Each structure stands twice: as structure tokens, then as C-alpha cells.
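The values are calculated or read from the model by the stated rules, or taken from the named source; none is laboratory data. Predicted model, so just to flag it, every value in this text is computed and none were measured. All Cβ positions, even for glycine, are placed from backbone atoms using ideal geometry, and neighbour counts span all protein chains on display.
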Amino acid sequence: MDGLHHGGSLQTPPGSSPPDHSVSSWTFPPAYGVSGDFPQHLPGGAAFGGPGIPIPYGFDPAAPPPPLGFPEPAPPGPVKAYGSVGVSIFQAYPPQLGAHPPRYEPDCVPRQTCPPQDRESRSGTHREDEEARQKRQDQQWLVRFLQSRAQTTGDLETQLQLRMSVLTPALRDTLYGAARLVSRLEDQCDGLRQNLDFGGWANSCLQALRVKEELQDQLKRLSQVQGSDGLRVTVAQRRWLRARAKLQLEKKLSEEHISEKEAAIDAWRMRQVRQVEEKKKEQELKRAADAVLCEVRKKQVDVKRMQDVLRSLEKLRRLRKEAAFRKGIITEQQTDEAFSSRLEQLRSVMKRRTSLYSAEEKALMVMLEGEQEEARKREQEKRVKKERERQLERKSRVYSILFGDEHPADHVLQPFTDYYSQAEHSLQALIHIRREWDAFLVAAEHPDGSTVPQSWILPDPPSDHVWASALQAADAD
């Protein structure tokens, strides 16, 4: 073996003696696939124009190689030539060889051991200091480990995002190219089916074969794109997430629509319930007023009957007194006065009751008349509203017959409607149209002239009774 250090492994020719470690200088061997004429050594690889990171494996060109018994370092990964664009010669090494903190390896946990001392001479103070130092070192190692894990996770995420951003345009371009080739191939196949001429068919067949080969190349390139499977999974996940978000949005909109409908239904139901309750209250109030009025009238009838009884009683006493006077029996004056006073008291009571019942009857009649008037007003308003709606419907039907149906705002004929009705909204348009019409004015005695109609041009009356009956039926509808 030649004594060159290729790729981090030491090779020694057979039969040669071990190297002399007393030599102070050592020539630069060709290593890592780079020519040996290195410039003056600068720390961190600055002489190569690369990033400022320490040289891997602690390599020092001024120091001789290690002895044969020294364990050689692990071989590095494949390294590209330094001449590649945008790539450093040390980018292929793992992050732990640079300024990043070391990765966690269970078998290679850094521990610092204390120099050997005499156990018998170690005192309790030294033991406590050793434990405190060990605890502090453990804490520092734990902090470095957590920082390295966090930084490694961030680097992986950054690399994944960069890879996806790099792969997505290439894959998109490939897919679009394949789609265009498929369309061209379909057109070529249609042309082959329609063109039966031998010469033209052969040329079309050759073109179709070329397009097919290009499509196969595109498909092969698409299958060989790095990370295409992961990108397909990512696209599928995003499509699923978009579909899920769309479904959730539709569900939310549906729930809002349902809630609005339910709110409208509840409001309509409350209005109906309120109207029914108001009608019930009105009916109950009317029944109560009718009952009170009936009682008042009944009491008035009783008062009138009592008045009739008093008049009959007074007449009976007068007749008895006259009969007794004819027989020679004269009644005492005190009894006559007592009877008369008693009758006056009863008449005054009946009079007060009659006036009270009349006032109650009048109040009840006013209340009932007010309710009846309100009911009549409501009925009149309903009739007027129905008549107004009927008139508006008839008017709109007449307008639709004369000018056509009204179109919505976004109708396809809306520009034509705006053009022909611009004089109704713009004074300049009205003046312009009037000037155009005035260009056709002629004198009154002109033989071909005609006057502008001053009213609506109505159709002629129907010529027969069948057509007249049809028009009457249409007007009735």
C-alpha cells in the first residue's frame, strides 16, 4: 500500500518500518480527492473559500499522521469535488463536526474523570467538591444535549421545507408537460382515425410515436423524481385537509342557515301565538263585557219591576183608603205620613240604582262600540290591502303586456334595457334623443306628416263574442 491518507484511512506499504514521530514537519498528502498543493493553513477552512467551520476530525496539516496502533477515524461520506457550484468541500460531513453541538450517542457520552488520587488521603470536603463538580457537569451535558436536539430538529425541518420547495416546481413542470403530451397524443390519434391516406397516415403515425416516446420519457422522469412519493403523500394530505375544511365550512354554513330558518320559524310562531292570544283576550274581554252588560240590564229590569210594585202598592193603599172612607173609617194621619215617607225612601233608592245602572250600561256600550269599531277598522284595512295588492297586480300585468316583463338586475338583456331607458335617468340623454326626434319634424300641412299620439294606443275592440269572452275571462283572472 502507498503511504497516502485517502478518505480518512491510513495505508502503509508492506515491509516498511513505522514512521519516525520525531520529525517536526510533514508534507501535505493528497486527501479527500483534492490536489495536495494547499495554500497556507487558515483556521476554519477559510483558505478554500468555504464556510468558516473547523477542519473535520481535528486534522492539522503541520502535524504528522498518528501511529499504526492508533484507531483510525470513521470514514466520511461521499464528498463532491470542490469545483461544484455553490457546494463546499466540507458540506458532506455531519453537523457535529462543525460549530454545532455534538449529537447524542449513548455509547459515547462525554465524561470527565478526575485524576487518580489516594483514597485514604481524600477527605470529606474533597468528596463533596467532587460530587458538586460531577453534578454541574451533568447539568451542562444535559443542557448541551437539549440544545443539540432542538437545533437538529430545526435543521431537519428546514431541510425538508427546502427540499419540498425545490421539488415542487420540477414535479409541477413535469406533470404539466406530461399533460400537454397526452393532449397532443389524443389529437394525433384522432387524426389517425380520420386520415386514411397512406402517406399522411404514415407521417401522422411517426409524429404520434415521437409524442409517445416523449411522454414515456416524461413519465420515467416523473417516476425518478426524488421525493415524489412523499410529495404525493403531502399533496394527498393537503387535498384531504382542503376537503375537510370545505366540508366543515359547508357544515357551518348549513348550521347557520338552519339556525336562521329556525329563528325565522320561531319568530313567525311567536307572532301567530301572540295574535291568537290577543284574539283570545279580546274575545274574553268581550264576553266579560257582555256578561256585565247583561247583569246591568237585568238589574235595571229588577229596578223597573220594583218601581211598578211601589206604584201598584201606592194605588192599592189609595183604593183601600177610599173604600174605608166610604164606610166611615178614617185612617190616622201619622200612618199616612209614615207610608208616604217609606215610599219616598224606596223611590230615591230606586232612582239612585237606576242612574248607576244607566252609567254602567253607557260605559259598557262605549267599550263594546270601541272594540267593534276597531274590529271594523281592521277588517276595512284588510280589504283595502287586498284591493291595493289586486290593483298593483293588475297594473304590473298591464305594464308587462305593454312594455314586456321586468328583468332582474343581472339579466342578460339588462344593457339593452338601460340603453333604451337612459332618457329616464339622464338629462343629456333626453336632450340628445329629443334632438334626434326633432330632425323628423315637418310642417302641419305636410301630406306625409302625422301627429304624435297624446294618449295610450289601445287595441281595437274584439271582432266576435268568442274573443270578447276570452278577454273578459282574462280580465277576471
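So here's what we get for this one:
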item: Positions within segment 410-434 being among the acidic types (Asp, Glu) and farther than 23 Å from Val452 by Cβ, in sequence order; result: Asp410, Asp418
item: Residue in segment 266-288 that is of a type in the set (Gly, Ala, Ser), surrounded by 11 or more Cβ atoms within 10 Å (Cβ to Cβ), touching a helix residue (DSSP H, G or I) at 6+ places or on another chain (Cβ under 9 Å) and in a helix (DSSP H, G or I) present; result: no
item: Evaluation of Ala243 against (1) within 21 Å of the chain's Cα centre (by Cα); (2) among the small types (Gly, Ala, Ser); (3) closer than 30 Å to Glu379 by Cα (one fails), failing number; result: (3)
item: Pairs, first in a helix (DSSP H, G or I) in segment 432-447, second among the hydrophobic types (A, V, I, L, M, F, W, C) and surrounded by 10 or more Cβ atoms within 10 Å (Cβ to Cβ), C-beta under 9 Å, six or more apart; result: His432/Ala423; Ile433/Ala423; Arg434/Ala423
item: Residue within segment 320-337 that is touching a Lys or Arg at 6+ places or on another chain (Cβ under 9 Å) and part of a helix (DSSP H, G or I) present; result: yes
item: Residue check, Leu253 in contact with a helix residue (DSSP H, G or I) (Cβ under 8 Å, 6 or more places away or on another chain), over 30 Å from Ala179 (Cβ atoms) and either touching a residue at least 24 places away in the same chain (Cβ under 8 Å) or in a helix (DSSP H, G or I) (or both); result: no
item: Test result for Ala429, part of a helix (DSSP H, G or I), within 23 Å of Trp456 (Cα to Cα) and not acidic (Asp, Glu); result: no
item: Evaluation of Leu181 against (1) in contact with a helix residue (DSSP H, G or I) (Cβ under 6 Å, 6 or more places away or on another chain); (2) more than 15 Å from Leu215 (Cβ to Cβ); (3) at pLDDT 75 or above (one fails), failing number; result: (2)
item: Segment 321-350 residues that are touching a residue at least 24 places away in the same chain (Cβ under 8 Å), paired with ones that are assigned to a helix (DSSP H, G or I) and among the aliphatic types (A, V, I, L, M) (beta carbon under 8 Å, 6 or more apart); result: Leu343/Leu310; Leu343/Leu313; Leu346/Met306; Leu346/Leu310; Arg347/Leu310; Met350/Val303; Met350/Met306; Met350/Leu310
item: The one condition in (1) within 20 Å of Ala363 (Cα to Cα); (2) not assigned by TED's automatic domain parsing to the domain that holds Glu374 that Val276 fails to fulfil; result: (1)
item: Filter result for the condition that a residue is outside the structural domain of Glu295 (by TED's automatic domain parsing) and either surrounded by fewer than 10 Cβ atoms within 10 Å (Cβ to Cβ) or closer than 25 Å to Asp302 by Cβ (or both), over Ala363, Ala409; result: Ala409
item: Any pair with Cβ under 9 angstrom, 6 or more apart, that starts in segment 400-416 at a residue that is closer than 27 Å to Ile457 by Cβ and ends at one that is small (Gly, Ala, Ser); result: Glu406/Ser396; Glu406/Ser400
